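**Q** Here it is, the structure in full.
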Amino acid sequence: MKYIILGTAGHIDHGKTTLIKALTGRNTDQLEEEQRRGISINLGFTYFDLPSGKRVGIIDAPGHERFVKNMMSGAVGIDIVLMVVAADDGVMPQTLEHAEILTYMGVESSIIVLTKADAVDQDMLDLVELDVRESLKDTILKDSPIVKVDSVSGRGLDDLIGLIEKLYAQVEANDQEEKLATRLNVDRSFSLKGLGTVVTGTLLEGEITTDQTYELYPSRKEVKIRSIQVHGENVEKAYRGQRTALNISSLSKDDIERGDTIASKDSLIETNIIDGKISLSKHTDLVLEHWSRLRVFLGTREVLARLVPLNEKYIKAGDEAFVQLRLEEPVYCKINDPFVLRSYSPVATIGGGRVLETVSDKYNIKDTDHLRALLEKEKFNLTDMVYDYVDRGEFGTSFADLYAYTGHLEKDIENSIKDLEKENRIYKINDLYFSQRFLTDLATKMEKVLKTYHKDNPLVAGLKKEELREKVGKKINPKDFNSILENPLLQEKVKTQEVYVSLKDFEIKMSDSHSKIAKDILARMEAAEPDLLKDSDFSSTKEEKKTLSFLLKNDVKKVDNFVLRADYYAAIKEKLISYLQANKEITIAEFRDLIGISRKMALALLENFDQEKITKRAEDKRTLY
């Protein structure tokens, strides 16, 4: 990690912006209204260098209750938070709200800063410290170090900088090898004269460069980056954790707004349903139940949603619960993303949670199997995620699907796939992946269907592939289905022969009654020679039709709607060939007289011989092919 991001939080007028100015020498309130009113409205951004030379990016969040959405946007991607509490005021409503928001968003490193320390005596400072400890004991700030500062006199600033340096080292030590594709949640979009569109945001995952093309979600528009700045310096590449300003060449500022996401192409998938685990604030009076309407703050975007409890009918203050959120507009997010819940009206922060599933059907509290699956998903690693997603695929899963679902780098997904293939848990068929369970279940379905078919059609070699696909795997592409039939798991149960599929051990065995019918059919055909009988002459019973179908494989030849013994058909063919070798050509009338059949039968046979490339037609005559 090249930088870490330090963020402020706390009640309005507790000295956050003044503290940042004392640390950096810069005022993060840039708007005229902010400077006139003396309050932060929008997010402020700056940086400073630690004594070690390491650079710290700073996000100064507004403290007013009306601008909590802005504060939450700034909290996305923060590594260390400074929870600012004024010594002359103590813990206030936004102190608690911001602390809970930080808890829900999973900010792990924090320092509590008691500002305006020179404005009160030591006894008051001690009382405020006790109040802070008690008030924040149920939040992520419960064990945070406390430092007392005065931004005007400079008291305690060196101690604060020392703590930031210490936490910086811890964040660096905990930083893991990069695993994820590029993702940046936009918190500001504006236009600068001479530059065009500029967006800002903290790079949550991956890296971003000027020579790559990215994608804007939810519009799916192409994003081309002209230049990148990190804290006022032009760079060719920005890294995860950096506060970034991007000059976009391909879009206007009206094409991008707060809440949008810039990410690697095809790395995110759209969803209207999120399964998650939530915690409800101990300070709320609201009781959540089925279809409660809420505001969900995800990334830097707020959307409305309906809540569906999955394990508790009523969710009260302090409760943890598994829920499904039915969103009123689509979002693009990933598994494990944090979110904040706010009441619909009046608006207040009431809880938060983490995303456990982004591809889900509609479930409710009665679906206990789904709840058990969510409990397992809490413990999933990337390989587990890949297998679970492939296993749920009804018609195969592509690599692109896996990339968008997991959001991980291609090489990491490939490694997970290799591990699963070695264990024979998934199989690649054409360009798709299928799980062992899916293929085994498919084989069982085929076995059941074919068993019934063979019972009803003992003289037929098997069921046609396309008919079988319609019965057991309608959503699977025909080409992929044919390839699936060649998979070892399927070959254990079935065998394929050209267009037919049968059970592996199936063999046609004629019963005594079918043998008798077959003998009668062949005798009737022989008795009719040289004339030909129609196939409809053998449809007086269902068993007769089945037997004829069986005989058509070897013993009987069908020509148009006529049928004849295969031996007789061969004899006619030899007679025709001998005639043409001696006479070079033959008309329909001559062929009719040669065989002793009607003109209609002669024409049907000659057209069949044309198709078989024994003869070829030249006007009203035939010659050898």
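The values are calculated or read from the model by the stated rules, or taken from the named source; none is laboratory data. Because the structure is a prediction, the values reported are computed rather than measured. Cβ: placed from backbone, ideal geometry, glycine included. Neighbour counts: every protein chain shown. Areas reflect the complete protein model, heavy atoms only, side chains present, ligands, DNA and RNA absent. Shrake-Rupley method; radii C 1.70, N 1.55, O 1.52, S 1.80 Å.
**Q** Taking the range 517-539 on its own, how many of its residues are in a helix (DSSP H, G or I) and either more than 60 Å from the chain's Cα centre (by Cα) or at pLDDT 95 or above (or both)?
**A** Filtering the range 517-539 down to residues in a helix (DSSP H, G or I) leaves 517-528, 535-538.
Still in the list and also either more than 60 Å from the chain's Cα centre (by Cα) or at pLDDT 95 or above (or both): 519-520, 522-528.
Final tally of qualifying residues: 9.
For every residue, the table says whether it meets (1) part of a helix (DSSP H, G or I); (2) over 18 Å from the mean Cα position of the chain (by Cα).
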residue	(1), (2)
ARG326	no, no
MET385	yes, no
ASP412	yes, no
ASN424	no, yes
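**Q** Based on this model, can you work out whether PRO346 counts as closer than 30 Å to ASP138 by Cα, buried (at least 20 other Cβ atoms within 10 Å of the Cβ) and modelled with pLDDT under 95?
**A** Working: closer than 30 Å to ASP138 by Cα: yes; buried (at least 20 other Cβ atoms within 10 Å of the Cβ): no; modelled with pLDDT under 95: yes.
No.
**Q** Kindly indicate which of SER135, SER109 is of a type in the set (Ser, Thr, Tyr), open to solvent by 10 Å² or more (accessible area, probe 1.4 Å) and in contact with a strand residue (DSSP E or B) (Cβ under 6 Å, 6 or more places away or on another chain). It would help to see each step written out before you state the result.
**A** Details: SER135 fails: in contact with a strand residue (DSSP E or B) (Cβ under 6 Å, 6 or more places away or on another chain).
Just a single option satisfies the conditions, and that option is SER109.
**Q** While we're here: Could you say which residue among ALA589, ALA604, ALA582 is open to solvent by less than 60 Å² (accessible area, probe 1.4 Å), more than 24 Å from ILE521 (Cβ to Cβ) and part of a helix (DSSP H, G or I)? Outline the logic, then answer.
**A** Details: ALA604 fails: more than 24 Å from ILE521 (Cβ to Cβ); ALA582 fails: open to solvent by less than 60 Å² (accessible area, probe 1.4 Å).
Of ALA589, ALA604, ALA582, the one residue that is open to solvent by less than 60 Å² (accessible area, probe 1.4 Å), more than 24 Å from ILE521 (Cβ to Cβ) and part of a helix (DSSP H, G or I) is ALA589.
**Q** PRO330 - would you say it is out of contact with any strand residue (DSSP E or B) (no Cβ under 9 Å at 6 or more places or on another chain) and either modelled with pLDDT under 95 or not in a loop (DSSP other than H, G, I, E, B) (or both)?
**A** In short, no.
**Q** Based on this model, can you work out whether ASP480 counts as of a type in the set (Asp, Glu), assigned to a helix (DSSP H, G or I) and either crowded, with 17+ Cβ neighbours inside 10 Å or at pLDDT below 95 (or both)?
**A** Numbers: of a type in the set (Asp, Glu): yes; assigned to a helix (DSSP H, G or I): yes; either crowded, with 17+ Cβ neighbours inside 10 Å or at pLDDT below 95 (or both): yes.
For ASP480, the condition - of a type in the set (Asp, Glu), assigned to a helix (DSSP H, G or I) and either crowded, with 17+ Cβ neighbours inside 10 Å or at pLDDT below 95 (or both) - is met.
**Q** Still on this structure, I have one more. Could you please let me know if LYS316 is modelled with pLDDT of 95 or more and either within 19 Å of HIS370 (Cα to Cα) or touching a His at 6+ places or on another chain (Cβ under 8 Å) (or both)? Break it down stepwise before answering.
**A** Numbers: modelled with pLDDT of 95 or more: yes; either within 19 Å of HIS370 (Cα to Cα) or touching a His at 6+ places or on another chain (Cβ under 8 Å) (or both): no.
Spelling it out, it is not the case that LYS316 is modelled with pLDDT of 95 or more and either within 19 Å of HIS370 (Cα to Cα) or touching a His at 6+ places or on another chain (Cβ under 8 Å) (or both).
**Q** Turning to a different aspect of this structure: Restricting attention to the range 243-252, does a residue exist that is in contact with a Phe, Trp or Tyr (Cβ under 8 Å, 6 or more places away or on another chain), open to solvent by 70 Å² or more (accessible area, probe 1.4 Å) and not in a loop (DSSP other than H, G, I, E, B)?
**A** Step one: filter the range 243-252 for residues in contact with a Phe, Trp or Tyr (Cβ under 8 Å, 6 or more places away or on another chain), giving 243.
Narrowing further to those that are open to solvent by 70 Å² or more (accessible area, probe 1.4 Å): none.
Checked the range 243-252: no residue is in contact with a Phe, Trp or Tyr (Cβ under 8 Å, 6 or more places away or on another chain), open to solvent by 70 Å² or more (accessible area, probe 1.4 Å) and not in a loop (DSSP other than H, G, I, E, B).
**Q** Moving on. Which ones in the range 607-625 are free of Cβ contacts under 8 Å to residues at least 40 places away in the same chain, assigned to a helix (DSSP H, G or I) and of a type outside the set (A, V, I, L, M, F, W, C)?
**A** ASP610, GLN611
**Q** A further question follows. Go through (1) assigned to a loop (DSSP other than H, G, I, E, B); (2) open to solvent by less than 10 Å² (accessible area, probe 1.4 Å) for ILE278 and report which single condition fails.
**A** It is condition (1) that ILE278 fails.
**Q** So which residues in the range 445-467 are part of a helix (DSSP H, G or I), closer than 23 Å to LEU552 by Cα and not basic (Lys, Arg)?
**A** LEU450, THR452, TYR453, HIS454, ASP456, GLU466, GLU467
**Q** So the check is Cβ under 6 Å with 6+ separation or different chains; which pairs have a first residue in the range 95-115 that's free of Cβ contacts under 8 Å to residues at least 60 places away in the same chain and a second one that's of a type outside the set (A, V, I, L, M)?
**A** Close Cβ pairs satisfying both conditions: SER110/SER144; ILE111/SER144; ILE111/PRO145; ILE112/SER144; LEU114/LYS148.
**Q** Being in a strand (DSSP E or B) and either hydrophobic (A, V, I, L, M, F, W, C) or farther than 30 Å from LYS221 by Cα (or both) is the filter here, so list the residues in the range 254-275 that pass it.
**A** Going residue by residue through the range 254-275, those that are in a strand (DSSP E or B) are 261-263, 270-275.
Within the range 254-275, ILE262, ALA263, ILE273, ILE274 qualify.
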